[in-house]
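Chemist: If you scroll down you'll find the structure; I have some questions about it.
None of the figures in this text is laboratory data; all of them are computed from the coordinates on show. Keep in mind it's a predicted model, so treat the numbers as computed, not measured. Positions of Cβ are generated from backbone atoms using ideal geometry, with glycine treated the same way; all protein chains shown enter the neighbour counts.
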């Protein structure tokens, strides 16, 4: 049973499915690493992970995925002298009497309390841990044992090197070192040889009866403890992780120093610092809904999930589609970041949003390589982007459930809108923050290379006197290889506009920079082509009924209801898209597509067009992506129907609380957290219900709260000023903080 | 067991598979109808058919298919007084003692001889039949019975209305009439209500003991015969078929007159006339290979298969892909006619080839409708064309063997080369015959509308400074939706050239006609666009290795061997093409594609390019189409390797003799005869090994016979002069006949 209270989420499940779900639901992290919500005694079968941001490895011919570090917080307890024999005190043992895990998401503290009944004795473990915000390499754990009768226990504490990997193992050349309570593992990734060190330094409140070392499956101390009834025995463990990608010299030395500092400071002090850091985060990032406890908590939990993966510690990092909850989706950065995650940070803490852009600047060469690979110029940003920007996606990304064969999919080569999404996020960053310095730091080069990609991609139809965008896949992935996808064409037009405006902006503010950048990438020859394409690029318009056709020929597809379509499935795991998916020949779409376009370019369309498209597309949308419902919620706010929008907001905000999301695409496991939905929940609440927009540096609010809400309060960071905003049903207040 | 002799093919099989195979192998016909090689007592389970050219019907939501007429040659024999009881004397009865069917393909006469042993008695039936060339509505049968002991027999003779249909029944409103030995059935097709009448008029050499009528499943006479030992009892049956599409007034009256004339003339005289007609056909159409009996017979048999389906009786008819052997492939006309069948007739009997063009002229409006349906102008000729030119092909033309679901295929909407194939055939007709009158009779309009289709279809890439042809499927159907298919682009260029040349030709010969046609279809506005597209249309060139890439990106596909690919199949019936077929991601192709282009435009390419492509593509070709091997054979002759070409010729020429061809595409039965391969065999023999070409009205021969052949003799009809040509290993002779 799981209970929710104001700032925490708890669960007492011990079944395999619950263990996996809690790994995501009770995740802690700090942008450098994510640590799954498993118990301390977890072995690899619990799907534990200390997932590292930006560190990737490929094993053999399998796909590249992020690296999980050896688990420096492993503690396994064993009753060795109980009346009914040896017992491992794990949550899977039959002697378990009670168990609960709690995540305090105000301060990012995971705790557990479990008791085992062994003959007449009860042994209870209480543990809490957090991923330090003060030192992002650091994980801190306090682990206490108390028995109600004297009992002999064995504690196996240290660094577990048997990891849950999808395509692992990734680490090799393991070397162990020990210095008293300090255990370490040094190793390196097998593809690129990136060194990685984990230190696990423990401080005991007791003197063990004996002590030994176990190096069989990791680096462990085996401590014997003759526990006395009613006495608390406590270990504090400080585990630090460094890799060769960190700019701190030798990873092992740095990890030792980090763990040593924390141990010297002590757990209680580190926890106090942690709380201060979180208070500061919430000072900027909290959003408080009044009148609706469920929504308030769900939204705050969503923001927690975003904050624990926000990359603040290094330049040029972004957020993967499943956050730091594991290796699913290859730990890759998708367009989710620019279109669904960035808006929250852009308004609450723009420096984080700027880092997403820095990541795209740093990976521009990968996007250039991808463009060249397909015969284009400019930057074709990856569908699944890792540290180099090369596309981690293959041409066969789904498995056919009927034949077991890889199925040709067109995520990689046909979702050409990603480059426009990247350009959009840069332009939006400048528009909202007023900070155009990013242009000179690579931002303009990115935008121009994206525009150039489309210049090289577009075809002209003399027949129709316009440029068209052919053979693409839009956000609705169920329909592959379509022509003139409305969203894609409109995004490309925006990209061309962004290029023109940013050229002009930098021309005014830093003409030498402009000249240097244009010369560097030889864009002069493309300036005329840019104008020509912008002038004649086709963007589908509303038809007589106000509906914008999603792509050429969409309206000639079978108009099959969702229930009817579901009834056609022969296998619950079969992929609805692809060339022969059951949705492909119908108008059923996976997720918001035209509706997303209407949100992004709302000023271009009158309300009746928005309403016509909302009414048309929503009944035809499966919402098979967590990116979908928030977009419909947003547009419904625009058309004045907040009550209609409200359940869509809730579904989005609760996704990682309930864990009720799609776990499979074809035969591929895609579980994990949903940062884009987390960001989407913020968008629906603040951009949707509060009606926030920033125009020319000015805050615009158009409150349209759902009936259940009395107010929404949040901070806004705008052009280096922090504002406190309170939106109520009938009005709002804004004050400088 | 089946035996082959000079001019005949025989078979004694009585198993179900053999019965189906003999239906095709022993087919007779006359262009108006095809009558399958089943025995006289066949019921629908034998897959008998009297398949009518150009008459189509749709039942319910099923696909349209050609109509089979009620079978007016049905004769069923029954021994009613034999010692061991009643026996139906069919080839499936256990009393069958011997059986043989023979097709004399010199004169198009099918005969059978079967004997049954009933107690001590043997009853023997000898029957022969032919489809009259003098009166194409007419089928003639002589049926003789002889027993070696006195025996009571029952003869059920008449018109069987229980037909083998794929998507039937097609005929309704049946009415019977009888006048002595003349039975008739009148009915109409159920979609369009086309009236259809069959008359079966029989003349008996004996007086039946009794006579009755059976109208249960058709219109039959039941004749009792007390057969005396050693006496022949003979029925001559004259069956005539007319439909409302024939320009002869009331079908029933016309059929009665036709059958009546034949009966008055008598069987022997009709047969003599038939032989004269065939002698005249062979006078023009025979090709005699000396030195290689197997090849000689196989080629003649192939020509027989073409002659029995050649439409000479009416204007505007063509040849379906499975001839008149049944309803497979919807009885539709494919590009097979223009590219594989027309060449034989063009050289032997140009009037027949002209009729194929008349068919395309008559169906131009259907091609215009298809272009409009997909948003284009001009004429987009159908992949599967019936009497209106509308496309009989659906978007779901193959069934997925794993799910049983219809699979989206792109035969219909992406095989855009058909229009160019049609234009090619017109241009080639004019070039070879010198008869440009066809231009004024609709030919120019067809060519211009085809060119206009491509004008509206092509896209310009400013990036590459050229027009491209995007998202098509070429002859190799295993790779759908490709860009810049070399064959397709080259054919389109030819179409544009043909349009320009024919405009200019008619401008010289009949300027008022030209003006009228251009004005009628408003082509003036497209003249500039035609020039522009022709000047900048991209046609892929050979790479450094001399190989022409089949389409953009082909050379990046997996280079998987054919055996390896075969081993990946999970089901022998699974479709290799389509989006997820096992061939789609590899370089394995179904049939000649680039190699076909090199044949058609041989003058553009030096021999080393031809050889490089032959060597490259042949090992990667499945030859999954009967249109494939002859093309490789042709190109191999061009590159001087006749010995290599020889087995490819044989495989092509023997296809309908052996019946060893593909019977299924996915789950769809595609059996029947193979006119395109029949025509391909002629192309390989005469255009390939003899090296025949016509340049500016002059006969060019470049003999390159395979070692087994000493000579090839054939007639050539060129500009109203008949030539006798003899090609020998070292030279040739040509003389006017």
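Chemist: Using 1/(1 + (r/R0)^6) with R0 = 35 angstrom and r between the beta carbons of residue B:541 and residue B:699, what's the FRET efficiency to the nearest 0.05?
Modeler: The calculated FRET efficiency here is 0.65.
Chemist: Shifting gears a bit: Expressed in whole Å with the largest first, what are the equivalent ellipsoid semi-axes of the range A:2-255 derived from the C-alpha gyration tensor as the square root of 5 times each eigenvalue?
Modeler: Equivalent ellipsoid semi-axes, largest first: 30, 21, 17 Å.
Chemist: Tilt of helix A:607-617 relative to the longest C-alpha principal axis of chain A, in degrees (0 to 90, nearest 10)?
Modeler: Once rounded, one gets 60 degrees.
Chemist: Roughly what would the spin-label model give for residue B:6 and residue B:314, points 7 Å off Cα along C-beta, in nm?
Modeler: Taking the simple label geometry, residue B:6 and residue B:314 are separated by 3.8 nm.
Chemist: Rank these for me by crowding, B:35, B:732, going from fewest to most other beta carbons within 10 Å.
Modeler: B:732, B:35
Chemist: Ignoring solvent entirely, what values of log10 I(q)/I(0) come out of the Debye formula for the range A:354-424 at 0.14 Å⁻¹ when each Cα is a single scatterer?
Modeler: Summing over Cα pairs of the range A:354-424 leads to -0.45.
Chemist: By the gyration tensor of its Cα atoms, with a ≥ b ≥ c the square roots of the eigenvalues, what is the shape of the range A:90-214: rounded for a/c under 1.5, prolate for a/b over b/c, or oblate?
Modeler: Prolate, since a/c reaches 1.5 and a/b exceeds b/c.
Chemist: Further, regarding this structure: Kindly provide the pair-distance distribution of chain B built from C-alpha pairs, with 10 Å bins from 0 and whole-percent values in order of increasing distance.
Modeler: 3, 14, 24, 25, 19, 10, 4, 1, 0
Chemist: For residue A:264 and residue A:126, calculate 0.36 nm times their separation in residues minus their Cα-Cα distance, and state this gained length in nm to one decimal.
Modeler: 47.4 nm is the gain from fully extending residue A:264 to residue A:126.
Chemist: Follow-up. Going by how many other Cβ atoms sit within 10 Å of their own, how do A:608, A:532 line up, fewest first?
Modeler: A:608, A:532
Chemist: Take the Cα coordinates of the range A:136-201, assign each an equal point scatterer, and use the Debye formula without solvent to give log10 I(q)/I(0) at q = 0.12, 0.13, 0.20, 0.27 Å⁻¹.
Modeler: -0.46, -0.52, -0.96, -1.29
Chemist: Okay, moving on. Please state, to two decimals, what the Cα-based radius of gyration of the range A:602-698 comes to when divided by 2.2 N^0.38 Å (N = residues).
Modeler: In units of the 2.2 N^0.38 Å rule of thumb, it is 1.17.
Chemist: To the nearest 10 degrees, how steeply does helix A:642-653 sit against the main Cα axis of chain A, on a 0 to 90 scale?
Modeler: Value to nearest ten degrees: 40.
Chemist: Here's another thing I want to ask about it. How big is the Rg/Rh ratio for the range A:446-581, C-alpha atoms only, Rh by Kirkwood, two decimals?
Modeler: That ratio equals 1.12.
Chemist: Let me ask something additional. Regarding the range B:216-346, what whole-number volume in Å³ per residue does the convex hull of its Cα atoms give?
Modeler: Each residue corresponds to 219 Å³ of Cα convex hull volume.
Chemist: Express the relative contact order of chain A as a whole percentage, based on alpha carbon pairs under 8 Å and six or more residues apart in sequence.
Modeler: 11
Chemist: Regarding the range A:536-684, what is the average projected area of its C-alpha convex hull, in nm²?
Modeler: Answer in nm², one decimal: 10.0.
Chemist: Could I have the simple spin-label model distance between residue B:509 and residue A:100, label points 7 Å from Cα toward Cβ, reported in nm to one decimal?
Modeler: Output for this residue pair reads 9.8 nm.
Chemist: Using the beta-carbon distance between residue A:394 and residue A:571 and R0 = 25 Å, what value does 1/(1 + (r/R0)^6) give for FRET efficiency, to the nearest 0.05?
Modeler: Efficiency, rounded to the nearest 0.05: 0.65.
Chemist: For the residues A:354, A:629, B:516, what sequence is obtained by ranking on other C-beta atoms within 10 Å, fewest first?
Modeler: B:516, A:354, A:629
Chemist: Here is a follow-up. Using r as the Cβ-Cβ distance of residue B:437 and residue A:294, and R0 as 60 Å, what FRET efficiency do you calculate, to the nearest 0.05?
Modeler: 0.10
Chemist: So what's the gap between the Cα centers of the range A:684-737 and the range B:174-220, to the nearest angstrom?
Modeler: Their Cα centres are 88 Å away from one another.
Chemist: Quick one: Kirkwood hydrodynamic radius for the range B:205-290, alpha-carbon pairs, angstrom, one decimal?
Modeler: After inverting the mean inverse Cα-Cα distance, the result is 16.7 Å.
Chemist: Hey, rough spin-label estimate for residue A:144 and residue A:279, points 7 angstrom out along Cα→Cβ, what's it come to in nanometres?
Modeler: For residue A:144 paired with residue A:279, the spin-label model returns 2.3 nm.
Chemist: Moving on to the next point. Just how many % of Cα pairs in the protein assembly as shown lie over 61 Å apart, if you round to the nearest whole percent?
Modeler: Of the Cα pairs, 34 percent sit more than 61 Å apart.
Chemist: Let me ask you something else. Could you pull the copy-to-copy label distances for residue A:283, with points set 7 Å along Cα to Cβ, in nm to one decimal and sorted shortest first?
Modeler: 11.0
Chemist: Can you tell me the relative contact order of the range B:427-510? Whole percent, Cα pairs under 8 Å, sequence separation 6 or more.
Modeler: 26
Chemist: As I understand it, the value is the acute angle between the Cα axis of helix A:444-457 and the longest principal axis of the Cα atoms of chain A; what does it come to in degrees, rounded to 10?
Modeler: The answer is roughly 60 degrees.
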